[in-house]
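In what follows, a single structure is set out as structure tokens and then discussed.
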Amino acid sequence: MMKIKSLLLTLAVPYATLSAQPIITNSQHIGFGPTRVLDTYLSAEHFKGVGLTYLSHTERQRDSIRWSTILEHEANLSSVKDRVDKKQELEGAYNFYWGKLYSWQLLGNRLKLQAGGLVNASLGFIYNTSNGNNPAQARVSLNLMPTGVASYRFQLFNRTLLARYELSLPLAGIRFSPNYGQSYYEIFSRGNYDHNVVPTTFVSAPEWRQMLTLDIPLTTHPSTFNIRIGYLGNMQQAKVNGLRQHVYTHRFLIGFTKRFSIIHRAL
Amino acid sequence: MKKYIVYLVSLVLLASCVDTEERPNTPTGNFEALWQIIDEHYCFFDYKQKTYGLDWNAVYNKYKVRVSDRMTEDQLFEVLTDMLSELRDGHVNLSYSMDFGRYWAWQEDYPKNFSDSLERRYLGTDYKIAAGIYYRILDDNIGYIRYESFQMPIGEGNLDDVLSYLALCRGLIIDIRNNGGGNLANAEMLAGRFVHEKTLVGYMQHKTGTGHNDFSSLEARYMEPSSSIRWHKPVCVLTNRSVYSAANDFAVIMRALPRVTLIGDHTGGGSGLPMSNSLPNGWAVRYSACPMYDANKQHTEFGIAPDIAVGIGSSDNDEIIETARKYLVR
């Protein structure tokens, strides 16, 4: 117990005293909310439902350096149905984001603006529970996403709250897709490839993602541990090989965020 | 900084939604949705236009006047099924909880050339079962394999055991009559036991766009010899009009192999790999999406003729099996 307490104290040392060490802000979230799915390879119909998302968001930045590193893991699972509740699709995806942001401090350090880019690696599926030879669609893509972040620190009810908005927009990437009427049997059993790895741009794959969060300290004193609520909207979409696909997820987020620094001590 | 913000805003404006127009869930909306799904995805328009004059635009005009928003669900189902029957394709179906719309004239308009009672006479009661295969050795030392559906799985181990058991037979009969298809992998796995060198057995292509003639180039289909036990003696494959889809494909592959003879009736066909879609009212629609050809680049959508055409006859014997036995012991 003492060891754990000691470790926690070490991790929770106020970052102002550790300017040489990178400050790590890690947030863990669970999200719940509506999902909308369209994949014309599987069905001409639009599907709606609900889903769950887990999001881990980490930012590392040294006090003296304006560049920070963002690292995110986002996993979601949704169950959606057509408009008459007869057909069902299951959608799941894991998205990994890594990138660098440059920051500016404004308004006496109350407002921080950041700009840079993220690389998004995505792996997922859409499974139609009714279809025969085209039961599922694999979703694999790699995207470069210009990203901007605005964080504003303000006082409310004697507490210091932090509102943060992150917006990532599409630029270019590559993705897997069967051709318009191509079966997975041809691709994977016969090895007949036909434009199955497709370069994309913000025109053919206009994906974008936004996250608005509010960090609320539990006490009136400045804290390295805050409760976080927020919204995550991930609009993943593409029109390649004559096929149209979109997966829109809207999530109400709840979680916590903690700020710490790792100290390397000689033994 | 300003430039960056302008760039971000520009991207937001350019990043439009990827969406499609939804048809209303009315009889007219469902009719339009079904006609369009077939129009954009069906793969045999050109071939069937040449074969029997199919004109999908004319089909639209013919059936559009039969649809009204006041009609009942049953009436709509009947009209839409009639419209799909114009495609003369067993892989084209419309289904919902109450019914399964189909075109089965390719088998219903012809003699069955198969009898359950006669099958029982040949198989007896002491036949062996290996996954989806029933098999035994007939009195004249001919091996008999009955594979009723390629939906029933088999494994390489099953085939090793079956062929080992039948190894001393002088010939082999593979009876796929009434086999309406199933998993292509099962058909290919079985056929691989009769391939002794890399063999061209057909071609395949797929649609690359919504146009009736938007197709990829033909991709050759080769069969590689199985690395397990292979059959080197003569083989007869028994067929009838109910041999369809993956079973038709099996017959097409086997016909391209030496020492294989097709005996019985013309096969039913069904050479388009089917895919599925759905309508605004939730009804499921299936259609042929990827055409498959034989080794001569000919369509086999309407089946293939046997090497020896013979019917089941009216005696107490199954004349198709008897013809195969005589052929193998000659």
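The values are calculated or read from the model by the stated rules, or taken from the named source; none is laboratory data. The structure presented is a predicted model; accordingly, all values stated were derived computationally and were not measured. Because the Cβ atoms are built from the backbone with ideal geometry, glycine has one as well, and the counts that use them run over all protein chains shown.
Out of the stretch A:33-78, which residues are in contact with a His (Cβ under 6 Å, 6 or more places away or on another chain) and closer than 26 Å to A:Asn134 by Cα?
A:Pro34, A:Leu38
Identify, by number, the condition in (1) surrounded by fewer than 15 Cβ atoms within 10 Å (Cβ to Cβ); (2) touching a Lys or Arg at 6+ places or on another chain (Cβ under 8 Å); (3) more than 26 Å from A:His250 (Cβ to Cβ) that A:Ser68 doesn't meet. A:Ser68 satisfies every listed condition except (1).
Do you know which of the residues in the stretch A:224-239 that are over 13 Å from the mean Cα position of the chain (by Cα) and surrounded by fewer than 21 Cβ atoms within 10 Å (Cβ to Cβ) is nearest to A:Gln137 (Cα to Cα)? Here the residue is A:Lys239.
Out of B:Gly209, B:Gly143, B:Gly180, I need the residue that is in contact with a Phe, Trp or Tyr (Cβ under 8 Å, 6 or more places away or on another chain), among the small types (Gly, Ala, Ser) and assigned to a strand (DSSP E or B). Which one?
B:Gly143
Candidates in the stretch A:9-66 are the residues that are over 30 Å from B:Asn25 (Cβ atoms) and acidic (Asp, Glu); of these, the one that is modelled with the lowest pLDDT is A:Asp63. When B:Ser226, B:Ser216 are checked against the criterion of being surrounded by 18 or more Cβ atoms within 10 Å (Cβ to Cβ) and free of Cβ contacts under 8 Å to residues at least 12 places away in the same chain, B:Ser216 stands alone in meeting it. If I filter the stretch B:59-115 down to residues being assigned to a loop (DSSP other than H, G, I, E, B) and among the aliphatic types (A, V, I, L, M), which single residue comes out as farthest from A:Lys86 (Cα to Cα)? Per the stated criteria, the residue is B:Val65. Note down all Cβ pairs under 6 Å where the first residue falls in the stretch A:138-160 and is within 14 Å of chain B (Cβ to nearest Cβ), the second is polar (S, T, N, Q) and assigned to a strand (DSSP E or B), and they're at least six residues apart or on different chains. Once the first residue is within 14 Å of chain B (Cβ to nearest Cβ) and sits in the stretch A:138-160, its partners that are polar (S, T, N, Q) and assigned to a strand (DSSP E or B) give A:Ser141/A:Ser122; A:Asn143/A:Asn120; A:Met145/A:Asn120; A:Met145/A:Ser168; A:Thr147/A:Ser168; A:Val149/A:Gln114. Among the conditions (1) loosely packed, with under 15 Cβ neighbours inside 10 Å; (2) modelled with pLDDT of 95 or more, A:Leu101 misses just one, which is (1). Being within 14 Å of the chain's Cα centre (by Cα), closer than 19 Å to B:Asp89 by Cβ and not small (Gly, Ala, Ser): is that true of B:Ile253 here? For B:Ile253, the condition - within 14 Å of the chain's Cα centre (by Cα), closer than 19 Å to B:Asp89 by Cβ and not small (Gly, Ala, Ser) - is not met. When the stretch A:84-109 is filtered for residues that are polar (S, T, N, Q), within 14 Å of chain B (Cβ to nearest Cβ) and either touching a Cys at 6+ places or on another chain (Cβ under 6 Å) or in contact (Cβ under 8 Å) with a residue 40 or more places away in the chain (or both), the ones remaining, listed by number, are A:Gln88, A:Ser103. All conditions but one from (1) part of a strand (DSSP E or B); (2) touching a Gly at 6+ places or on another chain (Cβ under 9 Å) apply to A:Ala205; the one that does not is (1).
How many residues are more than 11 Å from every other protein chain (Cβ to nearest Cβ) and in a strand (DSSP E or B) if we restrict to the stretch A:210-220?
7
Before we move on, is B:Val12 more than 24 Å from B:Thr81 (Cβ to Cβ), within 7 Å of chain A (Cβ to nearest Cβ) and modelled with pLDDT under 95? Yes. Out of all the residues in the stretch A:76-83, is one or more closer than 23 Å to A:Thr200 by Cβ and either touching a residue at least 40 places away in the same chain (Cβ under 8 Å) or more than 14 Å from chain B (Cβ to nearest Cβ) (or both)? Yes, the stretch A:76-83 contains at least one residue that is closer than 23 Å to A:Thr200 by Cβ and either touching a residue at least 40 places away in the same chain (Cβ under 8 Å) or more than 14 Å from chain B (Cβ to nearest Cβ) (or both).
Name the strands (runs of 3 or more DSSP E) wholly inside the stretch B:213-330 in which the number of residues that are more than 14 Å from chain A (Cβ to nearest Cβ) is 3 or more.
The strands (runs of 3 or more DSSP E) meeting that bar are B:235-239, B:260-264.
For the stretch A:110-126, does any single residue satisfy the condition of being closer than 30 Å to B:Leu279 by Cβ, out of contact with any Gly (no Cβ under 7 Å at 6 or more places or on another chain), more than 10 Å from every other protein chain (Cβ to nearest Cβ) and β-branched (Val, Ile, Thr)? Within the stretch A:110-126, one or more residues are closer than 30 Å to B:Leu279 by Cβ, out of contact with any Gly (no Cβ under 7 Å at 6 or more places or on another chain), more than 10 Å from every other protein chain (Cβ to nearest Cβ) and β-branched (Val, Ile, Thr). Among the residues of the stretch B:192-203, none qualifies, meaning not one is β-branched (Val, Ile, Thr), within 14 Å of chain A (Cβ to nearest Cβ) and in contact with an Asp or Glu (Cβ under 7 Å, 6 or more places away or on another chain). Within the set B:Leu238, B:Leu279, the sole residue that is aliphatic (A, V, I, L, M) and over 30 Å from B:Gly29 (Cα atoms) turns out to be B:Leu238. Just one of the listed residues (A:Leu123, A:Leu106, A:Leu169, A:Leu142) is of a type outside the set (Asp, Glu) and farther than 25 Å from B:Ser16 by Cα, namely A:Leu106. Output yes when any residue across the stretch A:76-84 is acidic (Asp, Glu), surrounded by 15 or more Cβ atoms within 10 Å (Cβ to Cβ) and touching a Gly at 6+ places or on another chain (Cβ under 8 Å), and no when none is. Scanning the stretch A:76-84 turns up at least one residue that is acidic (Asp, Glu), surrounded by 15 or more Cβ atoms within 10 Å (Cβ to Cβ) and touching a Gly at 6+ places or on another chain (Cβ under 8 Å). Yes or no: A:Pro170 within 17 Å of the chain's Cα centre (by Cα), assigned to a loop (DSSP other than H, G, I, E, B) and either surrounded by 16 or more Cβ atoms within 10 Å (Cβ to Cβ) or more than 8 Å from chain B (Cβ to nearest Cβ) (or both)? Yes; evaluated as a whole, the condition is true for this residue. Just to be sure, is B:Gly269 surrounded by 24 or more Cβ atoms within 10 Å (Cβ to Cβ), at pLDDT 95 or above and not polar (S, T, N, Q)? Here the answer is yes, as B:Gly269 does meet what is asked. So, of the residues in the stretch A:183-205 that are facing another protein chain (nearest Cβ under 10 Å) and touching a Lys or Arg at 6+ places or on another chain (Cβ under 8 Å), which turns out to be surrounded by the most Cβ atoms within 10 Å (Cβ to Cβ)? Among them, the one singled out is A:Ala205.
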